[in-house]
Structures are given as C-alpha cells and as structure tokens.
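Here the structure is laid out as structure tokens; the discussion comes afterwards.
The values are calculated or read from the model by the stated rules, or taken from the named source; none is laboratory data. Please read these numbers as outputs of a predicted model, since none were measured by experiment. Quick reminder, even Gly has a Cβ in these numbers, built from the backbone with ideal geometry, and neighbours come from all protein chains shown.
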Amino acid sequence: MRFLALLLLFLFATGLAAAEPSGVEAFVEKMAKEHGFDAEALKKTLARARFRQDIIDKISHPAERTLNWTQYRRIFLTDRRIRGGADFARRNRKALAWAEAEYGVPPQIVTAIIGVEAFYGRIAGKDRVLDALYTLAFHYPKRSRFFTSELEKFLLLTREEQLDPTVPRGSYAGAMGLGQFMPSSYLSYAVDFDGDGKRDIWNNETDAIGSVANYFARHGWKRDFPVTLQASGVAPDRHASFLTGKLKPAHTLAQLREAGIRFDDMINDQLKAALIELETDAGSEYWLGLDNFYVITRYNHSPMYAMAVYQLGEAIREKLPGKP
C-alpha cells in the first residue's frame, strides 16, 4: 500500500513537471540573472498563475466585428459616457488643471482617454494580469515574445511598487488601470502624480490623470495646438495621393488647400496634416489629422479611436462650466 502511495505521488509530481509550459525555466533564469529575482520565489509566483483557455480563445478570435464610423461613434459618444466624463472632470478639476500645466494636454483629452479606455473605472478589466500574461507568454506562440516581455515588465513593476503579483487586474491582454497601460507603458509613463510614493493607476484617479498626460507629452503632444479639422471638397479619385491611409501628417495645410480641399483656414497653413477618410452609414467623412491627432493614435492606431477620443472630449468640455 505504501509503495502504491509513493508511486502515485511520483506520477503526480512528474505530471506537474510535464505540465509546466516550455519557456518557463528559461524565463525564470533570465529574471534571476538580469534582474536579481530569487529563482525559487519566482517559480512559486508563476505556480500561482492560472492558464486561461478563454483568454487564448478571445485573443485568437476577437468578438469585434468591423464597424464603420457611425457604429463606432455610437459606442463612445453616448449621453451616459459624456455625463460620466463631465462628472470625472469636475471631480478631478485640480488634477486635470495641474496635468495641463505640467504636460500641456487639455483636461478633456485626458478625461476622454480614461472614458474610452475604462469608462472612468467601470470597465477597467477583471482578469488577473498575472494569469493573462502567463497564459499569453507561454501558451500563445504567435505573440509569445511580446507577452513574455510584458510579463517581465509586470514582475518588475510589481516589485518596484511592492505589489503582490497575483492582485492587479486588467484586460484579458494584460492592460491595466484607468488608462489601460500595458506593463511596458506603465514602467515608461506611469507617474506618482499625487506624491504619495506609489504609481497607482488602478484606484488613484490623480495618478491615472498624470500618467495619461505624461504618455501624450512623451509622444509629442503640442500644447495649445489643434487636433483635427473637418474637410470638404475631397474627391477620392482626384485626391488619391493624399488618401494613403497613413496617419502621420505629411502634407502642409497649404498643399491641401492648393489641391482644392476645403477646411477652416484660420490656422497656420504650414502645419502638417494627414487626410483621414471615415466611412459612415451615409458615405464618407473627411478630416485632417494634425500632429496632436497622430499623437492620440499612438495610444491606439485607429483613426476612429482618435476621433472618438477627440469628439468625446469636446462633448465633455461643452458640459463643463466656464468652458472657453
């Protein structure tokens, strides 16, 4: 009987060892060698991570369908999200003003990012970040290198901030907090904006505000510059050379005007812009994305995302007292 028990114990132990995904041992060795982690302690931490097949399913087969601008706008430009943004902006008036003074990013843009990304904290994600990154690093070969790097950054940030790695929650891809930062973005851009010694982007609205503003400033936001202009007179065949789908501004407003594209001309005509086409239920809308519009797309590389942030921000600004 004792022999049978020992045999079962051996089989159970070897089964666990066999179940350990490839790459974990090398990852632990790297973390110990490059960052001074205790290998045994890190193994115990990773042993507490849970493989999540549902995360693999979600990232492999996104539920999102292809939306046009009318449909996309309808998701984010709702009365509820606008009112929530105005409430957030009023509640954080001082922090937003401070962020604008420090980084040059207007309150409505910072607020709109947090509104689009996390509905002001209501949908910031319920998955354990450790589970998400462990699953995608070691069970999703297609993007293993990226998520292994993000797992590395996550463990570094939890050590720096003295957080239990099993506690932080976020999206199924590991994006965290009110601004939905990936761990690499957290390490690069998150700030302790209220000076309490912690960079808490999950629960501290002041830190989240400062971190989003810092992200934009570090990506080239231009203080007091416009974001976008609506354009008319665009003919897809005649203006095909401008409708490249590229988001980085490449033509001056003077060049676009000379080509017959019409827009508000009360702006420096040497500013550069990209001609953006948005498909709607009623046809195409055309916009000029200036440098600050491009900066918004560094957060998410979709022109519809950037336009949603801009228009939500403007709608929030209209709700605030003393708007310019």
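Would you tally the residues in the range 240-256 being surrounded by 15 or more Cβ atoms within 10 Å (Cβ to Cβ) and farther than 20 Å from Met304 by Cβ?
Here is the first cut: in the range 240-256, the residues surrounded by 15 or more Cβ atoms within 10 Å (Cβ to Cβ) are 242-243, 247, 249, 251-253, 255-256.
Those still in the list that are farther than 20 Å from Met304 by Cβ too: 251-253, 255-256.
Total satisfying the criteria: 5.
Could you tell me which numbered condition Val295 fails, if it satisfies all but one of (1) free of Cβ contacts under 8 Å to residues at least 60 places away in the same chain; (2) β-branched (Val, Ile, Thr); (3) within 23 Å of Phe181 (Cα to Cα)?
Against the list (1) free of Cβ contacts under 8 Å to residues at least 60 places away in the same chain; (2) β-branched (Val, Ile, Thr); (3) within 23 Å of Phe181 (Cα to Cα), Val295 comes up short only on (1).
Six or more apart or on different chains, Cβ atoms under 7 Å: show the pairs whose first residue is in the range 99-124 and at negative phi and modelled with pLDDT under 95 and whose second is surrounded by fewer than 24 Cβ atoms within 10 Å (Cβ to Cβ) and in a helix (DSSP H, G or I).
Ala124/Ala118
Table: residues versus (1) in a loop (DSSP other than H, G, I, E, B); (2) surrounded by fewer than 20 Cβ atoms within 10 Å (Cβ to Cβ); (3) in contact with a Leu (Cβ under 8 Å, 6 or more places away or on another chain).
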residue: Gln270; (1), (2), (3): yes, yes, yes
residue: Leu275; (1), (2), (3): no, no, yes
residue: Ser284; (1), (2), (3): no, yes, yes
residue: Tyr305; (1), (2), (3): no, yes, no
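Residues in the range 222-229: is at least one of a type in the set (Lys, Arg), assigned to a loop (DSSP other than H, G, I, E, B) and out of contact with any helix residue (DSSP H, G or I) (no Cβ under 9 Å at 6 or more places or on another chain)? First the steps, then the outcome.
Step one: filter the range 222-229 for residues of a type in the set (Lys, Arg), giving 222-223.
Then drop every residue that is not assigned to a loop (DSSP other than H, G, I, E, B), which leaves 222-223.
Then keep just the ones that are out of contact with any helix residue (DSSP H, G or I) (no Cβ under 9 Å at 6 or more places or on another chain); that gives none.
No.
Looking at Leu178, Leu187, Leu156, can you tell me which residue is surrounded by 17 or more Cβ atoms within 10 Å (Cβ to Cβ) and part of a helix (DSSP H, G or I)?
Values: Leu178 fails: part of a helix (DSSP H, G or I); Leu187 fails: surrounded by 17 or more Cβ atoms within 10 Å (Cβ to Cβ).
Within the list Leu178, Leu187, Leu156, the selection yields Leu156.
If I ask for residues that are surrounded by fewer than 21 Cβ atoms within 10 Å (Cβ to Cβ) and not polar (S, T, N, Q), which ones from the range 203-228 would you list?
Glu205, Ala217, Arg218, His219, Gly220, Lys222, Arg223, Asp224, Phe225, Pro226
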